[in-house]
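The values are calculated or read from the model by the stated rules, or taken from the named source; none is laboratory data. The structure displayed is predicted, hence computed values, not measured ones. Ideal geometry is used to build each Cβ from the backbone, glycine not excepted, and the neighbour counts take in all protein chains shown. Please note that ligands, DNA and RNA were not included when accessible areas were found on the heavy atoms of the full protein model with its side chains. Shrake-Rupley method; radii C 1.70, N 1.55, O 1.52, S 1.80 Å.
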Amino acid sequence: MAAVSLRLGDLVWGKLGRYPPWPGKIVNPPKDLKKPRGKKCFFVKFFGTEDHAWIKVEQLKPYHPHKEEMIKINKGKRFQQAVDAVEEFLRKTKGKDQASSHISTEEKNRRNSSEERGKQSAGEEKRKASLSEGKVKKGTGEGKKRVSSVSSERGSKSPLKRAQDQSPRKRGRPPKDEKDLTIPESSTVKRVMTGTVAGFKWPPSVSEPVKDSDPHFHHFLLSQTEKPAVCYQAITKKLKVCEEETGSTSIQAADSTAVNGSITPTDKKIGFLGLGLMGSGIVSNLLKMGHTVTVWNRTAEKCDLFIQEGARLGRTPAEVVSTCDITFACVSDPKAAKDLVLGPSGVLQGIRPGKCYVDMSTVDADTVTELAQVIVSRGGRFLEAPVSGNQQLSNDGMLVILAAGDRGLYEDCSSCFQAMGKTSFFLGEVGNAAKMMLIVNMVQGSFMATIAEGLTLAQVTGQSQQTLLDILNQGQLASIFLDQKCQNILQGNFKPDFYLKYIQKDLRLAIALGDSVNHPTPMAAAANEVYKRAKALDQSDNDMSAVYRAYIH
(Lines give C-alpha, C1' and ligand atoms only; values in the text may rest on other atoms or scores of the structure.)
Protein backbone atom coordinates (compact mmCIF):
# COMPACT_ATOMS: atom_id res chain seq x y z
CA MET A 1 0.00 0.00 0.00
CA ALA A 2 1.43 3.37 -1.03
CA ALA A 3 2.25 5.82 1.73
CA VAL A 4 -0.34 8.60 2.16
CA SER A 5 1.03 12.14 2.17
CA LEU A 6 -0.03 14.11 5.25
CA ARG A 7 0.26 17.84 5.88
CA LEU A 8 -0.64 20.59 8.32
CA GLY A 9 -4.39 20.81 8.97
CA ASP A 10 -5.21 17.24 7.96
CA LEU A 11 -7.60 15.18 10.07
CA VAL A 12 -6.04 11.88 11.08
CA TRP A 13 -6.30 8.78 13.23
CA GLY A 14 -3.34 8.67 15.60
CA LYS A 15 -2.04 5.79 17.72
CA LEU A 16 -1.17 7.16 21.14
CA GLY A 17 0.59 4.77 23.51
CA ARG A 18 -1.66 1.98 24.75
CA TYR A 19 -4.84 3.68 23.57
CA PRO A 20 -6.83 2.74 20.42
CA PRO A 21 -6.46 4.95 17.32
CA TRP A 22 -8.00 8.34 18.13
CA PRO A 23 -9.20 11.16 15.84
CA GLY A 24 -7.05 14.27 15.74
CA LYS A 25 -5.82 17.16 13.64
CA ILE A 26 -2.25 17.95 12.56
CA VAL A 27 -1.46 21.40 13.97
CA ASN A 28 1.55 23.64 14.48
CA PRO A 29 3.34 22.88 17.76
CA PRO A 30 4.10 25.70 20.22
CA LYS A 31 7.34 27.46 19.30
CA ASP A 32 9.13 26.30 22.44
CA LEU A 33 8.21 22.61 22.04
CA LYS A 34 11.11 20.60 20.65
CA LYS A 35 10.49 18.07 17.90
CA PRO A 36 11.69 14.57 18.88
CA ARG A 37 14.81 13.32 17.16
CA GLY A 38 14.66 10.36 14.80
CA LYS A 39 11.74 9.32 12.62
CA LYS A 40 9.44 11.83 10.91
CA CYS A 41 6.47 12.85 13.06
CA PHE A 42 3.64 15.39 13.23
CA PHE A 43 2.21 17.32 16.18
CA VAL A 44 -1.41 16.18 16.66
CA LYS A 45 -4.23 17.67 18.73
CA PHE A 46 -6.70 14.92 19.65
CA PHE A 47 -10.44 15.58 19.61
CA GLY A 48 -12.57 15.08 22.73
CA THR A 49 -9.50 15.16 24.99
CA GLU A 50 -6.88 17.63 26.11
CA ASP A 51 -4.06 15.56 24.61
CA HIS A 52 -1.45 16.87 22.20
CA ALA A 53 1.57 14.83 21.18
CA TRP A 54 4.22 14.20 18.59
CA ILE A 55 3.09 11.11 16.64
CA LYS A 56 5.26 9.14 14.23
CA VAL A 57 4.06 9.15 10.61
CA GLU A 58 3.64 5.37 10.56
CA GLN A 59 1.18 5.68 13.48
CA LEU A 60 -1.08 8.10 11.58
CA LYS A 61 -3.88 7.36 9.10
CA PRO A 62 -6.08 9.82 7.14
CA TYR A 63 -9.41 10.39 8.89
CA HIS A 64 -12.03 9.88 6.15
CA PRO A 65 -10.76 6.68 4.43
CA HIS A 66 -10.48 4.87 7.78
CA LYS A 67 -13.50 6.33 9.60
CA GLU A 68 -15.87 3.37 9.24
CA GLU A 69 -13.11 0.90 10.14
CA MET A 70 -12.24 2.76 13.35
CA ILE A 71 -15.86 3.19 14.43
CA LYS A 72 -16.41 -0.57 14.12
CA ILE A 73 -13.49 -1.48 16.41
CA ASN A 74 -13.97 1.26 19.01
CA LYS A 75 -17.26 1.46 20.93
CA GLY A 76 -16.41 3.50 24.05
CA LYS A 77 -18.43 6.55 25.09
CA ARG A 78 -15.43 8.88 25.07
CA PHE A 79 -14.43 7.62 21.64
CA GLN A 80 -17.92 8.37 20.30
CA GLN A 81 -17.73 11.85 21.85
CA ALA A 82 -14.42 12.39 20.05
CA VAL A 83 -15.94 11.33 16.70
CA ASP A 84 -18.90 13.65 17.35
CA ALA A 85 -16.44 16.47 18.00
CA VAL A 86 -14.77 15.80 14.61
CA GLU A 87 -18.12 15.90 12.82
CA GLU A 88 -19.03 19.15 14.58
CA PHE A 89 -15.69 20.59 13.56
CA LEU A 90 -16.31 19.56 9.93
CA ARG A 91 -19.81 21.11 9.99
CA LYS A 92 -18.43 24.40 11.26
CA THR A 93 -15.66 24.37 8.67
CA LYS A 94 -18.13 23.64 5.87
CA GLY A 95 -20.44 26.38 7.13
CA LYS A 96 -17.63 28.93 7.09
CA ASP A 97 -16.58 27.88 3.58
CA GLN A 98 -20.16 28.25 2.31
CA ALA A 99 -20.51 31.62 3.98
CA SER A 100 -17.24 32.77 2.44
CA SER A 101 -18.36 31.56 -1.01
CA HIS A 102 -21.74 33.30 -0.64
CA ILE A 103 -20.09 36.55 0.38
CA SER A 104 -17.68 36.34 -2.56
CA THR A 105 -20.64 35.91 -4.97
CA GLU A 106 -22.40 38.91 -3.43
CA GLU A 107 -19.27 41.03 -3.79
CA LYS A 108 -18.94 40.02 -7.45
CA ASN A 109 -22.59 40.90 -8.17
CA ARG A 110 -22.20 44.20 -6.30
CA ARG A 111 -19.06 45.00 -8.32
CA ASN A 112 -20.81 44.24 -11.64
CA SER A 113 -23.81 46.33 -10.62
CA SER A 114 -21.53 49.19 -9.61
CA GLU A 115 -19.68 49.09 -12.92
CA GLU A 116 -23.00 49.11 -14.83
CA ARG A 117 -24.22 52.12 -12.88
CA GLY A 118 -20.92 53.84 -13.58
CA LYS A 119 -21.28 53.27 -17.33
CA GLN A 120 -24.86 54.62 -17.30
CA SER A 121 -23.80 57.66 -15.33
CA ALA A 122 -20.89 58.36 -17.68
CA GLY A 123 -23.23 58.11 -20.71
CA GLU A 124 -25.69 60.55 -19.14
CA GLU A 125 -22.94 63.06 -18.39
CA LYS A 126 -21.64 62.78 -21.95
CA ARG A 127 -25.13 63.49 -23.37
CA LYS A 128 -25.55 66.54 -21.13
CA ALA A 129 -22.13 67.85 -22.13
CA SER A 130 -23.04 67.47 -25.83
CA LEU A 131 -26.28 69.44 -25.40
CA SER A 132 -24.46 72.27 -23.66
CA GLU A 133 -22.16 72.97 -26.65
CA GLY A 134 -22.74 76.38 -28.29
CA LYS A 135 -23.57 78.04 -25.02
CA VAL A 136 -21.40 80.69 -23.41
CA LYS A 137 -17.74 79.54 -23.14
CA LYS A 138 -17.52 80.27 -19.47
CA GLY A 139 -20.59 78.23 -18.75
CA THR A 140 -19.22 75.37 -20.87
CA GLY A 141 -15.94 75.46 -18.99
CA GLU A 142 -17.70 75.32 -15.68
CA GLY A 143 -19.87 72.47 -16.93
CA LYS A 144 -16.83 70.48 -18.01
CA LYS A 145 -15.15 71.19 -14.74
CA ARG A 146 -18.22 70.03 -12.87
CA VAL A 147 -18.49 66.79 -14.89
CA SER A 148 -14.79 66.13 -14.44
CA SER A 149 -15.07 66.66 -10.71
CA VAL A 150 -17.99 64.26 -10.36
CA SER A 151 -16.31 61.64 -12.52
CA SER A 152 -13.05 61.93 -10.60
CA GLU A 153 -14.82 61.57 -7.29
CA ARG A 154 -16.64 58.44 -8.42
CA GLY A 155 -13.53 56.93 -9.96
CA SER A 156 -11.39 57.48 -6.88
CA LYS A 157 -13.65 55.46 -4.58
CA SER A 158 -16.03 52.87 -5.99
CA PRO A 159 -19.06 51.65 -3.98
CA LEU A 160 -17.16 48.40 -3.30
CA LYS A 161 -14.14 50.28 -2.00
CA ARG A 162 -16.32 52.48 0.23
CA ALA A 163 -18.03 49.40 1.67
CA GLN A 164 -14.65 47.87 2.43
CA ASP A 165 -13.43 51.06 4.09
CA GLN A 166 -16.47 51.13 6.35
CA SER A 167 -16.11 47.47 7.30
CA PRO A 168 -13.81 46.70 10.26
CA ARG A 169 -12.19 43.89 8.24
CA LYS A 170 -12.49 42.25 4.84
CA ARG A 171 -15.65 40.25 4.47
CA GLY A 172 -15.35 36.51 4.07
CA ARG A 173 -11.96 36.27 5.77
CA PRO A 174 -11.54 35.54 9.49
CA PRO A 175 -9.17 37.66 11.54
CA LYS A 176 -5.74 36.18 12.14
CA ASP A 177 -6.53 34.87 15.60
CA GLU A 178 -9.59 33.01 14.29
CA LYS A 179 -7.77 31.18 11.54
CA ASP A 180 -7.79 27.80 13.30
CA LEU A 181 -11.12 26.59 14.60
CA THR A 182 -11.21 25.52 18.22
CA ILE A 183 -11.76 21.78 18.43
CA PRO A 184 -14.85 21.01 20.54
CA GLU A 185 -14.21 19.51 23.96
CA SER A 186 -15.98 16.39 25.16
CA SER A 187 -18.53 16.69 27.98
CA THR A 188 -16.49 14.29 30.08
CA VAL A 189 -13.40 16.46 29.83
CA LYS A 190 -15.45 19.58 30.59
CA ARG A 191 -16.66 17.99 33.81
CA VAL A 192 -13.15 17.01 34.83
CA MET A 193 -11.77 20.45 34.05
CA THR A 194 -14.45 22.42 35.91
CA GLY A 195 -13.24 24.35 38.94
CA THR A 196 -9.57 25.05 39.51
CA VAL A 197 -8.77 24.44 35.87
CA ALA A 198 -8.46 27.52 33.70
CA GLY A 199 -9.92 27.61 30.17
CA PHE A 200 -7.42 26.56 27.56
CA LYS A 201 -6.49 28.53 24.45
CA TRP A 202 -4.95 27.15 21.28
CA PRO A 203 -2.90 28.62 19.72
CA PRO A 204 -1.86 31.91 21.43
CA SER A 205 -2.50 35.04 19.42
CA VAL A 206 0.36 36.89 17.76
CA SER A 207 0.35 39.60 20.38
CA GLU A 208 0.34 37.10 23.26
CA PRO A 209 3.75 35.66 24.22
CA VAL A 210 4.00 31.89 24.55
CA LYS A 211 4.06 31.03 28.24
CA ASP A 212 6.43 28.57 29.84
CA SER A 213 4.05 26.30 31.72
CA ASP A 214 0.65 24.69 31.52
CA PRO A 215 -2.56 26.72 32.14
CA HIS A 216 -4.18 23.72 33.79
CA PHE A 217 -1.16 22.89 35.92
CA HIS A 218 -0.80 24.67 39.23
CA HIS A 219 2.10 24.67 41.64
CA PHE A 220 1.59 25.51 45.29
CA LEU A 221 4.36 26.03 47.82
CA LEU A 222 3.30 25.83 51.44
CA SER A 223 6.30 26.34 53.66
CA GLN A 224 5.04 25.38 57.07
CA THR A 225 5.79 27.87 59.82
CA GLU A 226 4.71 28.46 63.41
CA LYS A 227 1.98 30.78 62.14
CA PRO A 228 -0.97 28.86 60.71
CA ALA A 229 -2.02 31.37 58.05
CA VAL A 230 -1.19 30.46 54.49
CA CYS A 231 -1.48 32.90 51.63
CA TYR A 232 -2.15 31.92 48.03
CA GLN A 233 -1.06 34.30 45.33
CA ALA A 234 -1.41 33.50 41.65
CA ILE A 235 1.49 34.29 39.38
CA THR A 236 1.71 34.05 35.63
CA LYS A 237 5.13 32.76 34.83
CA LYS A 238 7.29 29.97 36.22
CA LEU A 239 7.75 29.50 39.96
CA LYS A 240 7.99 32.63 42.01
CA VAL A 241 7.98 32.85 45.80
CA CYS A 242 5.94 35.50 47.51
CA GLU A 243 6.87 36.27 51.11
CA GLU A 244 3.98 37.55 53.19
CA GLU A 245 3.85 39.22 56.56
CA THR A 246 2.52 36.00 58.06
CA GLY A 247 5.83 34.29 57.36
CA SER A 248 4.25 31.65 55.14
CA THR A 249 4.95 31.38 51.44
CA SER A 250 3.00 30.20 48.44
CA ILE A 251 3.52 29.39 44.82
CA GLN A 252 0.74 29.10 42.31
CA ALA A 253 1.70 28.42 38.78
CA ALA A 254 1.24 29.87 35.55
CA ASP A 255 0.06 29.70 32.01
CA SER A 256 0.93 27.91 28.80
CA THR A 257 -0.81 27.15 25.54
CA ALA A 258 -2.68 23.92 26.26
CA VAL A 259 -3.32 21.24 28.81
CA ASN A 260 -0.37 18.87 28.90
CA GLY A 261 0.29 19.84 25.31
CA SER A 262 2.94 22.57 25.33
CA ILE A 263 5.32 21.04 27.85
CA THR A 264 8.98 21.46 27.08
CA PRO A 265 10.47 18.23 28.44
CA THR A 266 13.51 18.48 30.68
CA ASP A 267 16.79 17.42 29.08
CA LYS A 268 17.55 15.36 32.20
CA LYS A 269 17.40 11.58 31.92
CA ILE A 270 14.40 10.21 33.81
CA GLY A 271 14.16 6.81 35.51
CA PHE A 272 10.95 5.18 36.71
CA LEU A 273 10.60 2.20 39.05
CA GLY A 274 7.21 0.46 39.43
CA LEU A 275 4.65 0.04 36.64
CA GLY A 276 1.45 -0.64 38.58
CA LEU A 277 -1.93 1.04 38.04
CA MET A 278 -0.53 4.49 38.75
CA GLY A 279 3.02 4.08 37.49
CA SER A 280 1.95 2.83 34.06
CA GLY A 281 -0.14 5.92 33.34
CA ILE A 282 2.60 8.23 34.64
CA VAL A 283 5.29 6.67 32.41
CA SER A 284 2.96 6.75 29.39
CA ASN A 285 2.47 10.50 29.83
CA LEU A 286 6.18 11.16 30.41
CA LEU A 287 6.97 9.43 27.12
CA LYS A 288 4.09 11.13 25.33
CA MET A 289 5.48 14.54 26.30
CA GLY A 290 8.95 13.77 25.00
CA HIS A 291 10.89 12.79 28.13
CA THR A 292 13.75 10.31 27.94
CA VAL A 293 12.68 7.51 30.31
CA THR A 294 14.34 4.31 31.56
CA VAL A 295 11.94 1.85 33.23
CA TRP A 296 12.20 -1.06 35.65
CA ASN A 297 9.53 -3.27 37.18
CA ARG A 298 9.69 -6.30 39.45
CA THR A 299 7.83 -8.31 36.79
CA ALA A 300 9.82 -7.40 33.69
CA GLU A 301 7.02 -8.21 31.19
CA LYS A 302 5.23 -4.99 32.16
CA CYS A 303 8.15 -3.04 30.69
CA ASP A 304 7.67 -4.43 27.17
CA LEU A 305 4.86 -2.09 26.16
CA PHE A 306 6.85 0.98 27.20
CA ILE A 307 9.99 -0.23 25.43
CA GLN A 308 7.89 -0.33 22.25
CA GLU A 309 6.90 3.27 22.89
CA GLY A 310 10.50 4.44 23.21
CA ALA A 311 11.47 3.79 26.84
CA ARG A 312 14.76 2.17 27.76
CA LEU A 313 15.01 -0.90 29.97
CA GLY A 314 16.89 -0.94 33.26
CA ARG A 315 17.95 -4.33 34.61
CA THR A 316 17.96 -3.30 38.29
CA PRO A 317 16.90 -0.27 40.37
CA ALA A 318 20.58 0.47 41.01
CA GLU A 319 21.31 0.54 37.27
CA VAL A 320 18.39 2.88 36.58
CA VAL A 321 19.49 5.32 39.31
CA SER A 322 23.13 5.27 38.20
CA THR A 323 22.31 5.98 34.55
CA CYS A 324 19.57 8.61 35.12
CA ASP A 325 19.57 12.12 36.58
CA ILE A 326 16.18 11.88 38.32
CA THR A 327 14.59 8.56 39.27
CA PHE A 328 10.92 8.28 40.29
CA ALA A 329 9.45 5.31 42.15
CA CYS A 330 5.84 4.33 42.77
CA VAL A 331 5.26 1.13 44.74
CA SER A 332 2.51 -0.31 46.92
CA ASP A 333 3.40 0.14 50.59
CA PRO A 334 6.12 0.99 53.16
CA LYS A 335 7.75 -2.46 52.95
CA ALA A 336 7.98 -2.32 49.15
CA ALA A 337 9.37 1.24 49.32
CA LYS A 338 12.10 0.20 51.77
CA ASP A 339 12.99 -2.97 49.86
CA LEU A 340 13.33 -0.98 46.65
CA VAL A 341 15.88 1.38 48.23
CA LEU A 342 17.69 -0.85 50.72
CA GLY A 343 17.43 -4.30 49.08
CA PRO A 344 19.91 -6.12 46.79
CA SER A 345 20.75 -4.05 43.68
CA GLY A 346 18.51 -1.40 45.20
CA VAL A 347 18.31 2.33 44.68
CA LEU A 348 20.89 3.11 47.35
CA GLN A 349 23.60 1.22 45.46
CA GLY A 350 23.16 3.53 42.48
CA ILE A 351 23.11 6.79 44.45
CA ARG A 352 26.11 9.08 43.97
CA PRO A 353 26.48 12.81 44.73
CA GLY A 354 23.95 14.76 42.68
CA LYS A 355 21.69 11.81 41.86
CA CYS A 356 18.02 12.53 42.52
CA TYR A 357 15.36 10.21 43.92
CA VAL A 358 11.63 10.98 44.00
CA ASP A 359 9.40 8.55 45.92
CA MET A 360 5.77 8.75 44.76
CA SER A 361 4.51 5.89 46.94
CA THR A 362 1.83 6.49 49.59
CA VAL A 363 3.61 5.56 52.82
CA ASP A 364 3.87 6.82 56.40
CA ALA A 365 6.04 9.78 57.42
CA ASP A 366 8.53 7.60 59.36
CA THR A 367 9.25 5.47 56.30
CA VAL A 368 9.78 8.39 53.96
CA THR A 369 11.98 10.17 56.51
CA GLU A 370 14.18 7.09 56.84
CA LEU A 371 14.54 6.81 53.06
CA ALA A 372 15.39 10.49 52.76
CA GLN A 373 18.13 10.19 55.36
CA VAL A 374 19.89 7.27 53.64
CA ILE A 375 19.65 8.89 50.19
CA VAL A 376 21.04 12.22 51.43
CA SER A 377 23.79 10.45 53.40
CA ARG A 378 25.18 9.20 50.07
CA GLY A 379 25.14 12.70 48.55
CA GLY A 380 21.83 12.24 46.77
CA ARG A 381 18.84 14.59 46.64
CA PHE A 382 15.43 13.45 47.86
CA LEU A 383 11.82 14.46 47.24
CA GLU A 384 8.65 12.70 48.35
CA ALA A 385 5.79 13.16 45.91
CA PRO A 386 2.80 10.86 46.54
CA VAL A 387 -0.10 11.33 44.14
CA SER A 388 -3.83 11.66 44.66
CA GLY A 389 -5.96 10.05 41.97
CA ASN A 390 -6.78 6.73 40.34
CA GLN A 391 -5.86 4.75 37.26
CA GLN A 392 -8.05 6.82 34.94
CA LEU A 393 -6.65 10.13 36.19
CA SER A 394 -3.14 8.69 35.91
CA ASN A 395 -3.79 7.72 32.29
CA ASP A 396 -5.27 11.16 31.58
CA GLY A 397 -2.34 13.03 33.18
CA MET A 398 -4.68 14.60 35.74
CA LEU A 399 -3.14 13.51 39.05
CA VAL A 400 -2.65 15.79 42.05
CA ILE A 401 0.96 15.70 43.28
CA LEU A 402 1.88 16.40 46.90
CA ALA A 403 5.61 17.05 47.27
CA ALA A 404 7.99 17.75 50.14
CA GLY A 405 11.73 17.74 50.67
CA ASP A 406 14.34 19.24 48.33
CA ARG A 407 12.67 22.30 46.83
CA GLY A 408 15.26 22.67 44.09
CA LEU A 409 14.54 19.10 43.01
CA TYR A 410 10.82 19.89 43.05
CA GLU A 411 11.45 22.67 40.54
CA ASP A 412 13.71 20.40 38.45
CA CYS A 413 10.76 17.98 38.20
CA SER A 414 8.43 20.66 36.83
CA SER A 415 8.02 19.30 33.29
CA CYS A 416 7.54 15.76 34.64
CA PHE A 417 4.86 16.89 37.09
CA GLN A 418 3.10 18.81 34.31
CA ALA A 419 3.11 15.70 32.12
CA MET A 420 1.57 13.49 34.80
CA GLY A 421 -0.66 15.85 36.76
CA LYS A 422 -2.96 18.84 36.77
CA THR A 423 -1.83 20.26 40.12
CA SER A 424 1.29 20.12 42.26
CA PHE A 425 1.71 21.22 45.90
CA PHE A 426 5.04 21.72 47.66
CA LEU A 427 4.48 21.19 51.38
CA GLY A 428 7.85 21.89 52.97
CA GLU A 429 9.97 19.38 54.85
CA VAL A 430 10.07 15.63 54.29
CA GLY A 431 7.14 13.83 55.94
CA ASN A 432 4.56 16.55 55.33
CA ALA A 433 3.46 15.12 51.98
CA ALA A 434 3.10 11.61 53.46
CA LYS A 435 0.91 12.93 56.27
CA MET A 436 -1.24 15.01 53.93
CA MET A 437 -1.66 12.11 51.50
CA LEU A 438 -2.84 9.77 54.26
CA ILE A 439 -5.36 12.36 55.45
CA VAL A 440 -6.69 12.82 51.90
CA ASN A 441 -7.07 9.05 51.41
CA MET A 442 -8.61 8.66 54.86
CA VAL A 443 -11.36 11.10 53.83
CA GLN A 444 -11.81 9.36 50.47
CA GLY A 445 -11.92 5.86 51.95
CA SER A 446 -14.40 6.85 54.65
CA PHE A 447 -16.61 8.55 52.06
CA MET A 448 -16.58 5.43 49.86
CA ALA A 449 -17.66 3.26 52.78
CA THR A 450 -20.49 5.71 53.54
CA ILE A 451 -21.66 5.59 49.91
CA ALA A 452 -21.79 1.79 50.05
CA GLU A 453 -23.65 1.91 53.36
CA GLY A 454 -26.24 4.32 51.95
CA LEU A 455 -26.85 2.21 48.84
CA THR A 456 -27.36 -0.97 50.84
CA LEU A 457 -29.65 0.80 53.31
CA ALA A 458 -31.73 2.07 50.36
CA GLN A 459 -31.98 -1.48 49.03
CA VAL A 460 -33.09 -3.13 52.27
CA THR A 461 -35.71 -0.44 52.93
CA GLY A 462 -37.25 -0.85 49.49
CA GLN A 463 -35.86 2.34 47.95
CA SER A 464 -34.41 2.60 44.46
CA GLN A 465 -30.62 2.75 44.47
CA GLN A 466 -30.65 4.51 41.10
CA THR A 467 -33.02 7.15 42.46
CA LEU A 468 -30.73 7.67 45.45
CA LEU A 469 -27.83 8.26 43.05
CA ASP A 470 -29.93 10.67 40.97
CA ILE A 471 -30.81 12.64 44.11
CA LEU A 472 -27.18 12.75 45.30
CA ASN A 473 -26.04 13.89 41.85
CA GLN A 474 -28.42 16.83 42.05
CA GLY A 475 -27.24 17.92 45.48
CA GLN A 476 -24.15 19.30 47.17
CA LEU A 477 -22.38 15.93 47.22
CA ALA A 478 -22.41 15.64 43.42
CA SER A 479 -18.98 14.70 42.08
CA ILE A 480 -17.30 12.52 39.48
CA PHE A 481 -16.06 10.24 42.27
CA LEU A 482 -19.58 9.73 43.67
CA ASP A 483 -21.10 9.08 40.25
CA GLN A 484 -18.40 6.66 39.09
CA LYS A 485 -18.30 4.59 42.27
CA CYS A 486 -22.09 4.35 42.48
CA GLN A 487 -22.22 3.29 38.83
CA ASN A 488 -19.62 0.59 39.60
CA ILE A 489 -21.83 -0.76 42.36
CA LEU A 490 -25.08 -0.59 40.36
CA GLN A 491 -23.45 -2.37 37.41
CA GLY A 492 -21.55 -4.87 39.56
CA ASN A 493 -18.32 -3.74 37.89
CA PHE A 494 -15.44 -3.77 40.37
CA LYS A 495 -12.52 -3.67 37.94
CA PRO A 496 -9.77 -1.94 39.95
CA ASP A 497 -9.28 1.78 39.45
CA PHE A 498 -7.89 2.05 42.99
CA TYR A 499 -7.25 -1.26 44.75
CA LEU A 500 -9.38 -1.92 47.83
CA LYS A 501 -6.34 -3.34 49.66
CA TYR A 502 -4.46 -0.06 49.19
CA ILE A 503 -7.23 2.20 50.49
CA GLN A 504 -7.47 -0.07 53.54
CA LYS A 505 -3.70 0.23 53.99
CA ASP A 506 -3.99 4.03 53.85
CA LEU A 507 -6.80 4.03 56.41
CA ARG A 508 -4.67 1.91 58.72
CA LEU A 509 -1.70 4.28 58.37
CA ALA A 510 -3.93 7.35 58.88
CA ILE A 511 -5.33 5.87 62.09
CA ALA A 512 -1.75 5.25 63.27
CA LEU A 513 -0.90 8.87 62.41
CA GLY A 514 -3.79 10.02 64.61
CA ASP A 515 -2.61 7.75 67.42
CA SER A 516 0.91 9.20 67.22
CA VAL A 517 -0.43 12.66 68.13
CA ASN A 518 -3.23 11.40 70.41
CA HIS A 519 -5.94 12.52 67.98
CA PRO A 520 -9.15 10.44 67.70
CA THR A 521 -10.14 9.02 64.29
CA PRO A 522 -13.34 7.07 65.04
CA MET A 523 -14.88 7.51 61.58
CA ALA A 524 -11.75 6.23 59.84
CA ALA A 525 -11.55 3.36 62.34
CA ALA A 526 -15.13 2.31 61.57
CA ALA A 527 -14.51 2.50 57.82
CA ASN A 528 -11.30 0.50 58.23
CA GLU A 529 -13.24 -2.36 59.83
CA VAL A 530 -15.62 -2.50 56.87
CA TYR A 531 -12.71 -2.67 54.42
CA LYS A 532 -11.09 -5.42 56.50
CA ARG A 533 -14.32 -7.40 56.19
CA ALA A 534 -14.31 -6.83 52.42
CA LYS A 535 -10.74 -8.13 52.28
CA ALA A 536 -11.84 -11.23 54.17
CA LEU A 537 -14.43 -11.71 51.42
CA ASP A 538 -11.60 -11.83 48.86
CA GLN A 539 -12.13 -8.30 47.52
CA SER A 540 -8.54 -7.05 48.00
CA ASP A 541 -7.71 -6.91 44.30
CA ASN A 542 -11.01 -5.34 43.28
CA ASP A 543 -11.77 -1.63 43.18
CA MET A 544 -12.36 0.17 46.48
CA SER A 545 -16.08 0.35 45.58
CA ALA A 546 -16.21 -3.41 46.23
CA VAL A 547 -16.46 -2.45 49.92
CA TYR A 548 -20.19 -2.57 49.06
CA ARG A 549 -19.97 -6.36 49.21
CA ALA A 550 -19.04 -6.19 52.89
CA TYR A 551 -22.59 -4.95 53.54
CA ILE A 552 -24.46 -7.57 51.53
CA HIS A 553 -22.73 -10.71 52.83
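Ranking 342, 60, 277 from most to least accessible surface, computed with a 1.4 Å probe over the protein chains only, gives 342, 277, 60.
Determine the gain in length on full extension of the stretch residue 78-residue 479; use 0.36 nm per residue of separation and subtract their C-alpha separation, reporting nm with one decimal. Each step should come with its number before you reach the end.
Values: separation 401, 0.36 × 401 = 144.36 nm, distance 1.83 nm.
That works out to 142.5 nm of additional length.
Normalising the average separation of contacting C-alpha pairs (under 8 angstrom, six or more residues apart) by the number of residues puts the relative contact order of region 266-429 at 22 percent. The phi torsions of region 382-398, fed into the Karplus equation with coefficients 6.51, -1.76 and 1.60 and a -60° offset, translate into couplings of 10, 9, 8, 8, x, 10, 9, x, 9, 4, 5, 5, 5, 4, 7, x, 10 Hz, rounded to whole numbers, with Gly and Pro shown as x.
Label positions at residue 40 and residue 373, each projected 7 Å from the Cα along the C-beta direction, are separated by 5.9 nm. Structure note, pairs 40/94; 45/94; 288/338: Cα-Cα distances above 27 angstrom occur for 40/94; 288/338.
Among the protein heavy atoms, those of residue 352 account for about 120 Å² of accessible surface (1.4 Å probe, every chain in place). Checking the cross-link pairs 35/269; 435/532; 92/422; 485/532; 61/268; 495/532 against a 25 Å limit on the alpha carbon distance flags 92/422; 61/268 as lying beyond it.
Specify whether the C-alpha gyration tensor of region 266-429 places it in the rounded, prolate or oblate class, a ≥ b ≥ c being the square roots of the eigenvalues: rounded for a/c under 1.5, otherwise prolate if a/b is larger than b/c and oblate if not. List each step's numbers first, then the result.
Working: a/c = 1.36, a/b = 1.11, b/c = 1.22.
Verdict is rounded for region 266-429.
In region 453-553, the convex hull through the Cα atoms has an average projected area of 7.0 nm², a quarter of its surface area.
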